[in-house]
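A.B. asks: Quick one: structure below, then a few questions.
The values are calculated or read from the model by the stated rules, or taken from the named source; none is laboratory data. Bear in mind the structure is a predicted one, so any value in this text is a computation, not a measurement. Cβ sites come from the backbone with ideal geometry, for glycine too, and all protein chains shown count toward neighbours.
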Amino acid sequence: MNRRAAVLILIACLAFSLTCIIYPLYVIQPFRAQGAHELAAALLVLRYKLAAATLSAFAALAALVFYWRAQNRWWRRAVATAGALLVCALAALSRVNVYELMFHPDAHPVFRAASQVKLDSDEKVIAVRLGEAARAYPIRIVSYHHVINDVLDKVALVATY
């Protein structure tokens, strides 16, 4: 392997690792319309991004080793090392589920009597009634958390949207 091939492998690994991180974030944005094929592709990337990014990191490290052997200039070695380390950092970052960080369940919702709450006339809610107990979860609140854990009439429930 020559220097040019090692540099091309490093650049390809960097572009691939960035794509594995950025594409699902772009497609699966909150309140953004998504096409069926676009969403299927993003979910496929999410499913395999850890393995793909790990393989990309190993390929980048292997290319770095070949590049170091072929290149004598320290600043070029430093740039190649920074690129390989960035690929490794992106591989580590691919383990993080950003959707869990963005949308965490509201485990302790606060409730008020219906007479104390001011809702717009066209406000949508998720309504639940168990026996004599009833709750309404406004969609604008649920859409932020996506999951509301609650207990109603001694029954645990999950409201989701």
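A.B. asks: Could you check region 29-60 and list, in sequence order, the residues that are buried (at least 17 other Cβ atoms within 10 Å of the Cβ) and either under 13 Å from the mean Cα position of the chain (by Cα) or not assigned by TED's automatic domain parsing to the domain that holds LEU8 (or both)?
C.D. replies: Scanning region 29-60 gives ALA42, VAL45, LEU46, LYS49.
A.B. asks: Report whether or not VAL87 is surrounded by 15 or more Cβ atoms within 10 Å (Cβ to Cβ), assigned by TED's automatic domain parsing to the domain that holds PRO24 and β-branched (Val, Ile, Thr).
C.D. replies: So VAL87 passes the test.
A.B. asks: Right, next: Kindly list the number of the only condition in (1) without any contact (Cβ under 8 Å) to a residue 24 or more places away in the chain; (2) outside any loop (DSSP other than H, G, I, E, B) that fails for VAL96.
C.D. replies: (2)
A.B. asks: Going by what's in this entry, would ALA63 be described as surrounded by fewer than 15 Cβ atoms within 10 Å (Cβ to Cβ) and of a type outside the set (Asp, Glu)?
C.D. replies: no
A.B. asks: Given the condition acidic (Asp, Glu) and at pLDDT 85 or above, answer yes or no: does some residue in region 128-151 qualify?
C.D. replies: Yes, that holds for at least one residue.
A.B. asks: Could I ask something else about it? I'm trying to understand the selection: among the residues of region 54-101, which are β-branched (Val, Ile, Thr) and at pLDDT 90 or above?
C.D. replies: Within region 54-101, THR54, VAL65, VAL79, THR81, VAL87 meet the criteria.
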